[in-house]
Amino acid sequence: MALLPILHYPDERLHTKAKPVAEVDERIRTLVADMAETMYEAPGIGLAATQVNVHERVVVIDVSEERNELRAFINPEIIERHGETVGEEGCLSVPGIYDKVTRAERVRVKALNERGEAFELEADGLLAICIQHELDHLDGKVFVEYLSQLKQGRIKSKLAKRARITA
């Protein structure tokens, strides 16, 4: 396994729409393992392949307290959305920035696991929010793009300043 570099907003590569995975093979299983290691190390609860500059529809999520319930979603698709909730979100690609985002309260998703087996999952709470957040990445959208232009501008300025300080 290997740690992968995470792209940081406003990197244009974060706006690349991911392509479906043609075959769940050893390369994809290695990607899932590397993404999981990267997510846990960061530390985070979800990571989309887009965030590590791989533009294929692969997501890893683990919202458990013990960090022992890794879920891989390959070619995920939300097939149902219910209700509405507002929660504070953060992102490994936008470090240190948190803001409120409106999402569906419950979702039903279909995907393949790392063995290439199809499954469906109904999710609510943090898992539902995380699924929606990560699938946005696969479509080239970062959570801060739900915020006002003014807030987006402030976030870009803050991240640019932070990058200059650490450079």
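The values are calculated or read from the model by the stated rules, or taken from the named source; none is laboratory data. Just so it is clear, the model here is predicted, and its values are computed rather than measured. Virtual Cβ from ideal backbone geometry, glycine too; neighbours counted across all protein chains shown. Areas reflect the complete protein model, heavy atoms only, side chains present, ligands, DNA and RNA absent. Shrake-Rupley method; radii C 1.70, N 1.55, O 1.52, S 1.80 Å.
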Options Glu105, Glu37: the member that is out of contact with any helix residue (DSSP H, G or I) (no Cβ under 9 Å at 6 or more places or on another chain), open to solvent by 20 Å² or more (accessible area, probe 1.4 Å) and more than 13 Å from Glu134 (Cβ to Cβ): Glu37
Scan of segment 77-98 for residues that are open to solvent by less than 30 Å² (accessible area, probe 1.4 Å) and over 27 Å from Leu31 (Cα atoms), ordered by number: Gly87
Neighbours by Cβ (under 8 Å, 6+ apart or cross-chain): first from segment 2-23, in contact (Cβ under 8 Å) with a residue 60 or more places away in the chain and more than 23 Å from Gly96 (Cα to Cα); second open to solvent by 60 Å² or more (accessible area, probe 1.4 Å) and in a loop (DSSP other than H, G, I, E, B): Lys17/Asp139; Ala18/Asp139
Strands (runs of 3 or more DSSP E) lying entirely in segment 33-140 (those with 1 or more residues that are in contact (Cβ under 8 Å) with a residue 60 or more places away in the chain and over 16 Å from the mean Cα position of the chain (by Cα)): 106-112
Residues satisfying the stated conditions in segment 149-158, i.e. open to solvent by less than 60 Å² (accessible area, probe 1.4 Å) and either among the polar types (S, T, N, Q) or in contact with a strand residue (DSSP E or B) (Cβ under 7 Å, 6 or more places away or on another chain) (or both): Gln152, Ile155
Single residue of Ile6, Ile28 found to be among the β-branched types (Val, Ile, Thr) and assigned to a loop (DSSP other than H, G, I, E, B): Ile6
Unique match (being touching a strand residue (DSSP E or B) at 6+ places or on another chain (Cβ under 6 Å) and either open to solvent by 70 Å² or more (accessible area, probe 1.4 Å) or more than 21 Å from Ile61 (Cα to Cα) (or both)) among Asp124, Asp139: Asp124
Members of segment 11-23 found to be open to solvent by 30 Å² or more (accessible area, probe 1.4 Å) and part of a loop (DSSP other than H, G, I, E, B), listed by number: Asp11, Thr16, Lys17, Pro20, Ala22, Glu23
Residue match in segment 51-66 (condition: surrounded by fewer than 16 Cβ atoms within 10 Å (Cβ to Cβ), closer than 15 Å to Ile131 by Cβ and not hydrophobic (A, V, I, L, M, F, W, C)): yes
Residues located in segment 109-121, provided they are crowded, with 17+ Cβ neighbours inside 10 Å and farther than 22 Å from Arg27 by Cβ: Val109
